[in-house]
1. In region B:57-101, what residues are more than 25 Å from residue A:48 (Cα to Cα), assigned to a loop (DSSP other than H, G, I, E, B) and within 13 Å of chain A (Cβ to nearest Cβ)?
2. Right, residue B:181: in a helix (DSSP H, G or I), free of Cβ contacts under 8 Å to residues at least 12 places away in the same chain, touching a helix residue (DSSP H, G or I) at 6+ places or on another chain (Cβ under 9 Å) and within 22 Å of residue B:249 (Cβ to Cβ) or not?
3. I'd like to know if region A:244-254 contains one or more residues that are without any contact (Cβ under 8 Å) to a residue 40 or more places away in the chain and within 25 Å of the chain's Cα centre (by Cα).
4. Could you list, in sequence order, the residues of region A:356-377 that are more than 10 Å from every other protein chain (Cβ to nearest Cβ), within 16 Å of residue B:61 (Cα to Cα) and surrounded by fewer than 18 Cβ atoms within 10 Å (Cβ to Cβ)?
5. From B:102, B:110, which residue is under 25 Å from residue B:196 (Cβ atoms) and crowded, with 16+ Cβ neighbours inside 10 Å?
6. For region A:197-315, please list each of the helices (runs of 4 or more DSSP H) lying entirely inside it that holds at least 1 residues being closer than 27 Å to residue A:122 by Cβ and within 14 Å of chain B (Cβ to nearest Cβ).
7. Are any of the residues in region B:287-298 assigned by TED's automatic domain parsing to the domain that holds residue B:196, surrounded by 16 or more Cβ atoms within 10 Å (Cβ to Cβ), outside any helix (DSSP H, G or I) and over 14 Å from the mean Cα position of the chain (by Cα)?
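The values are calculated or read from the model by the stated rules, or taken from the named source; none is laboratory data. None of these values were measured; they are calculated from a predicted model. For neighbour counting, all protein chains shown are included, and Cβ atoms are generated from backbone atoms with ideal geometry for every residue, glycine included.
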């Protein structure tokens, strides 16, 4: 910030830090109270919510005559900032999910590297399981997390929601295929059917060899270094998510810089956004926090690509797909894992779990259908 | 105004004799004028929001309505029907009933026990103990929550370290769906019992000493004195304390909110927490308002039941 103020002597920036857990409420109350800052960082899963609330300034006019644009960023990540064709944010740092795995356990099962497609992945999990014996599994996929079933669905080409985000598309063949694959991992006991709460310490279990892989995000790079024993430090790595046929996509997450509605200093705010988006600032931010830069140029930095574990993230980021851009998404996502969990535990069949899911989601999106039909009727009249 | 005040004494004498129509006479007018500001405030800041809330609960006011008010629809009792069809609602209701009918009685019992100890003849430094027991009430909950999270920490927490001395295996207090609710209840009781303690102490000091002495002369033992003298004398205080405590526990929010956010697996999710989540997390303000009215009805029924029980006991006595 001091560097920014030095470059722009007329601008003084006041930074307010808020913890993630409180950010959502704080920003929403600030919106209602009209006391939002000029520029802010917004988790990109919130863009659709704040966009719908008209709390964000459309950035397209600013982007039109500037160096920033979709090309400079990872496409999937950029798209999480676009709501109904309007861009509301510029990616700042990125988040996605991929595989963390133990190389030594894969090697013992006869694998020198991670397979890249679903079939190979499953065969690999099976080999690890057979090699490990009873009480051992291939992978840990917490049953109370939506990430994995959703990512698999996106990989299989499912849009998740249909008709402009007004209906669930979970019974369509794409998602069904992914869902069957996901359930199959549990049916074949390649993953324990437990959630986060039922495992005391996943790092410990991974060290112990209870499982050889998990699907998780970039913050884990630091956690693994801190929490795994020294003997395993050279034995873990990361790999791109396997897809139905070859390297698969993962979900596009992260955080964006936005301008809030009602800003009195839009030009200065935009200068700050541009400053923070510079590749060298992005690398600096990564060094300070470990958050991965959103800008492709920043990835040219050798420190990022020299490490194979970070490099896998770079590769994964070129294959990312955004989750549906509707304000209801987070709640829909919890329904996905709730129904998947029921199917895993055998409380219901895959078919009826998906039917229930579509029914619940359709009910949740009823308002969107009504709004769409009202818009259509209005368009016809005029 | 000054004329009204001037004749007031005469009118007061007059009013003492015969009953007058409530709105006649300068005295009544003065009274109304004096009451008006607070009545107006109550109308504007209490009944206004309540009526608005009642209207909200009959609409589908949501995030789209915040952006475009014309998209609000009147849906009658739709929100209520929706609540009764949701497992989340029944789960929250069940947990709220546990808070109210397990937490509140424990809280009252602990308050009473502590009050008896503080009030006992043999206790020294009474003000000191009163202050100690009252301290949690005036401490900020968020600060308290941080300390309690350390206590409950599964690996290094003091609670587990203490239990380990007796060979009891580690419990993940806030992470295990079976233990999180009791853990929150213990915290809530500890945090709030000091307030009722003070009320009980005041009540105990009002129990006439002669009654105890008379009971002693009759050869009553300590628990007989407690049962036949102290408790009946405390009855009005007891009713007040139990009604307010049950209502407070029906509305328990801050403790689960700061400790578990309603988790794990919604095992500590109270109705107010659900209401908050629906209203301010998902912006279903219409639905949240309906939940508020359901909770209001539940509390009303529970309080009426308590009053009725108390009256029946009094009549039996």
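1. Hits for region B:57-101 are B:75, B:86.
2. no
3. No; the residues of region A:244-254 include none that is without any contact (Cβ under 8 Å) to a residue 40 or more places away in the chain and within 25 Å of the chain's Cα centre (by Cα).
4. Hit for region A:356-377 is A:369, nothing else.
5. Selected residue: B:110, the only one of B:102, B:110 that is under 25 Å from residue B:196 (Cβ atoms) and crowded, with 16+ Cβ neighbours inside 10 Å.
6. Those helices (runs of 4 or more DSSP H) span A:202-208.
7. no
Matching residues to (1) within 14 Å of chain B (Cβ to nearest Cβ); (2) part of a loop (DSSP other than H, G, I, E, B):
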residue: A:5; (1), (2): no, no
residue: A:9; (1), (2): no, yes
residue: A:18; (1), (2): no, yes
residue: A:26; (1), (2): yes, no
residue: A:42; (1), (2): no, no
residue: A:48; (1), (2): yes, no
residue: A:61; (1), (2): no, no
residue: A:66; (1), (2): no, yes
residue: A:76; (1), (2): no, no
